[in-house]
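S.K.: Let me give you the structure first, and then I'll get to my questions.
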Amino acid sequence: MSTPFPTFRQVATRPRWIGVLVACLAVAAVFALLGQWQIARAVEQGQADERDTETAVPLTSVAEPGSTLTSEAGGRMVSFTGEWVPEDFDTLAGRSQDGRIGTWAIGRILVPRDGAEPVSLAVALAWFADPEAAQALVEQRGAAGAGELVGRLMPSEAPTEGDIQTDEAEAMSVAALINEWEAYDGRVYGSYAILDAASADASGALVDGGEPIVSARPVTDTQLNALNIFYAIEWVAFMLFAFYLWYRLVKDALEREVEAIEDAAEAAAAGGDTARG
């Protein structure tokens, strides 16, 4: 009587292979969690910037002297007051606004702090189509209190080729400005503020053709992160491979048992033929 061949189910339900299946399920669960995490990261990074950047908050609540601008503070409206430094008004050439190239009038304000020395803040006051009008504003500015001002806080810019190759400054670079400021004491915000229309008007910058500088709220790329999506697909593939590995191991074990039974049957048949002969 021939030995019946085992079925895949019979082999798969043996304790050994059930244990392997449990291990594969655990590994697959880890891969699934990693895939879910990658998807969550992709969605999180693809979400639009929902921060309220247009309601002004005190400058001192979002920025620290000597520190780089944080993502939370970048591009948001801030309020501040202080004293203008009359020697440190200047102009920046090559500034674009609504498709036109003009000049910025800029200045330095000393922002007071509770119980500490005031901190320097670079400020962009207004845009001028005529560079001579901007220069005239700079030359006529005097020492005065700034009152309550509102502006958009922006990261310091890197020097441009124009800054390096010509005598005309183009970049709003705090690092470059502090080398030009009078009696600079080392306390400075690592960012600058662009005055809004009301503050520019109140500070007297909107004269002789001066215009409020256009500063748009920050925009975040809302596209899903393709790299995170790719990684998530990879984790799903690894999860499926864990199940396939279990299936392949059971299948190989079944095939070995079938081959062993067939070999035993052939050996028995050969032995019977020999005995009869």
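S.K.: As a test question: what accessible area, to the nearest 10 Å², does Ser199 have when a 1.4 Å probe is rolled over all protein chains in place?
M.R.: So the heavy atoms of Ser199 present about 10 Å² to solvent.
S.K.: Select one label from (i) 18.6; (ii) 24.6; (iii) 19.5: the one whose number is Kirkwood radius over Cα pairs in Å as derived from the coordinates shown.
M.R.: Checking each listed value against the structure points to (ii).
S.K.: Based on DSSP H runs of at least 4 residues, each adding -39500 (n - 2.57), what is the mean residue ellipticity at 222 nm of the chain after dividing by all its residues, to the nearest 500 deg cm²/dmol? Present the calculation step by step, with values, prior to reporting the outcome.
M.R.: Values: 8 runs with 117 residues, N = 277.
Only helices count here, giving -14000 deg cm²/dmol.
S.K.: What net charge is computed for the residues neighbouring Arg256, neighbours being all others with C-beta under 14 Å from the C-beta of Arg256, Lys and Arg scored +1, Asp and Glu -1? Walk me through the numbers before you get to the answer.
M.R.: On the way: positive: Arg14, Arg16, Arg248, Lys251; negative: Asp252, Glu255, Glu257, Glu259, Glu262, Asp263.
Result for the neighbourhood of Arg256: -2.
S.K.: Treating the angle as unsigned and between 0 and 90°, give the value, to the nearest 10°, between the Cα long axis of helix 226-276 and the longest Cα principal axis of the chain.
M.R.: Value to nearest ten degrees: 10.
S.K.: Whenever you get a sec, line up Asp208, Asp90 from highest to lowest accessible area (probe 1.4 Å, protein heavy atoms).
M.R.: From most accessible down to least: Asp208, Asp90.
S.K.: Taking the Cα atoms only, what angle lies between the long axis of helix 131-140 and the longest principal axis of the chain, rounded to 10 degrees?
M.R.: Helix 131-140 sits at roughly 60 degrees to that axis.
S.K.: Right, another one. Show the residues, 5+ positions off or on another chain, whose built amide H is closer than 5 Å to the amide H of Ile213.
M.R.: Trp127
S.K.: List the longest stretch of the chain that has no exposed loop site; here a site is one of the GluC sites (Glu not before Pro) assigned by DSSP to anything other than H, G, I, E or B, with at most 15 other Cβ within 10 Å. Kindly include the intermediate steps, with their values, before the conclusion.
M.R.: On the way: sites that count: Glu50, Glu54, Glu72, Glu148, Glu168, Glu180, Glu182.
The longest such stretch corresponds to 183-277.
S.K.: Could you work out the local net charge near Leu34, counting Lys and Arg as +1, Asp and Glu as -1, over the other residues with Cβ closer than 15 Å to its Cβ?
M.R.: 0
S.K.: Let me spell out the model: positive unit charges on the Cβ of Lys and Arg, negative unit charges on the Cβ of Asp and Glu, origin at the Cα centre of the chain. What dipole size does that give, in debye rounded to 20? Display every interim value, and only then the final one.
M.R.: Working: 18 positive and 41 negative charges, 431 e Å.
With only Lys, Arg, Asp and Glu charged at Cβ, the dipole is about 2060 debye.
S.K.: Between beta-carbons, use under 9 Å as the cut-off and find the net charge around Trp181, counting Lys and Arg +1, Asp and Glu -1.
M.R.: -3
S.K.: Towards the positive end of the charge dipole of the chain, with charges on Cβ (+1 Lys, Arg; -1 Asp, Glu), say which of Ala205, Ala23, Leu240 has the farthest Cα.
M.R.: Ala23
S.K.: Taking Cα atoms, how many degrees apart are the long axis of helix 15-46 and the longest axis of the chain, rounded to 10 and kept between 0 and 90?
M.R.: Computed tilt is about 20 degrees.
The values are calculated or read from the model by the stated rules, or taken from the named source; none is laboratory data. Every value quoted in this text rests on a predicted model; they were computed, and no experiment measured them. Glycine also receives a Cβ, built like all others from the backbone with ideal geometry; neighbour counts cover every protein chain displayed. To get the accessible areas, we keep the full protein, side chains included, count just its heavy atoms, and leave off ligands, DNA and RNA. Shrake-Rupley method; radii C 1.70, N 1.55, O 1.52, S 1.80 Å.
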